[in-house]
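The values are calculated or read from the model by the stated rules, or taken from the named source; none is laboratory data. Just so you know, these numbers come straight off a predicted model, no measurement behind them. All Cβ positions, even for glycine, are placed from backbone atoms using ideal geometry, and neighbour counts span all protein chains on display. Ligands, DNA and RNA are stripped out before the accessible areas are found, and what is left, the full protein with its side chains, is counted by its heavy atoms. Shrake-Rupley method; radii C 1.70, N 1.55, O 1.52, S 1.80 Å.
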Amino acid sequence: MYTIIKTDLKNILRDPSLLIMCFVPFIMLAVLRWGYPALLTIWPEISDYSTLILAMFCITGSIMPGIAIAFAMLDEKDQNLHVVLQVLPVSFKTITFYRMGIIYGFGFLTSLLLLSLSGMEKYSFMHTLLLSVLTAATAPIMALTPAFFAANKIDGATFTKALNFIIMLPIPAFLFPGIWNYFFMILPAWWIYYAFANIHNSFHLWMGVLGGLLMHMVVLAVLIKIIFNRMKSFA
């Protein structure tokens, strides 16, 4: 795992565009901590949506380091290094799972950073931990999809934009109440917004966290099965 981290970081450091992605969460933190209070003085009504805004920033921020790793993996694909990875003493599946763990770890730390230092909401340590654990679950999905299904970085950027749209799609469900909103439950991101929106209701919070983790695991399991089946067909 140490070797994988070192190699991925080296590839990211060589590419300024990938390096910038790793700093996006810190830029978001600055926007939330200093820009958001200034916005409230101009538009105080937006305070009603603080929780949704924080959730959106946490999701987006947590996936950025993973996206940088995904683009580094696309570089490996361009250089046909993914073929070499399949014949190493460590299996390609093991390397992929290590990378998933690394991506999830970065996502967790990023979400923890934004929740703890943004100053938008005051959550207990347990609430911050639960929300970070849930939010970071999006990061491996967002990273693996472009890394394995995109042909190059341009395709990867297209995949990333499409996935970002899907992440934002559940937001109207919390702006316009109605029974129809529950149709969005099939989207993993809906559970994250639901958990944030019900942070002060223990039952609904736990339902959002557990339901969200389950949905993310189902999507990730399907994604991994498709990826490894594709790799077998290419072998």
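Three principal axis extents describe the C-alpha atoms of the chain; from largest down they are 56, 36, 31 Å. Each of the peptides 61-69, 142-150 was scored by the mean count of other Cβ atoms within 10 Å over its residues; in descending order, highest first, they stand as 61-69, 142-150. Residues in region 62-67 carry Karplus couplings, in order, of 5, 8, 4, x, x, 5 Hz; the curve used is 6.51 cos²θ - 1.76 cosθ + 1.60 with θ = phi - 60°, and Gly or Pro positions show x. Applying 1/(1 + (r/R0)^6) with r as the Cβ-Cβ distance of L210 and D75 and R0 = 41 angstrom yields a FRET efficiency of 0.65.
For the chain, carbon and sulfur atoms together expose 74% of the accessible surface, with a 1.4 angstrom probe and every protein chain in place. Using a cutoff of 8 angstrom between alpha carbon atoms and counting only pairs six or more residues apart, the relative contact order for the chain works out to 22 percent. Using the Cβ of F71 as centre and a radius below 12 Å, the other residues enclosed give a net charge of -3, where K and R count +1 and D and E count -1. Accessible area ranking (1.4 Å probe, heavy atoms, ligands and nucleic acids excluded), largest first, for K6, K77: K6, K77. Within a straight-line Cα-Cα reach of under 17 Å, K153 can be paired with the following lysines, leaving aside sequence neighbours fewer than 8 residues apart in one chain: K77, K161.
Here K122 is the anchor, and the aspartates and glutamates within straight C-alpha reach of less than 18 Å, apart from those fewer than 8 places off in the same chain, are D48. Working note: Karplus 6.51/-1.76/1.60 with θ = phi - 60° gives region 116-133 the couplings 7, 10, 5, x, 6, 9, 9, 9, 5, 4, 5, 5, 4, 5, 4, 5, 5, 4 Hz, where Gly and Pro are set to x.
Think of a 1.4 Å ball rolled over the protein heavy atoms: the chain then has 52 Å² of accessible area per residue. All alpha carbon pair distances within region 94-190 were sorted into 10 Å bins beginning at 0; the resulting P(r) in whole percents reads 14, 33, 38, 14, 1.
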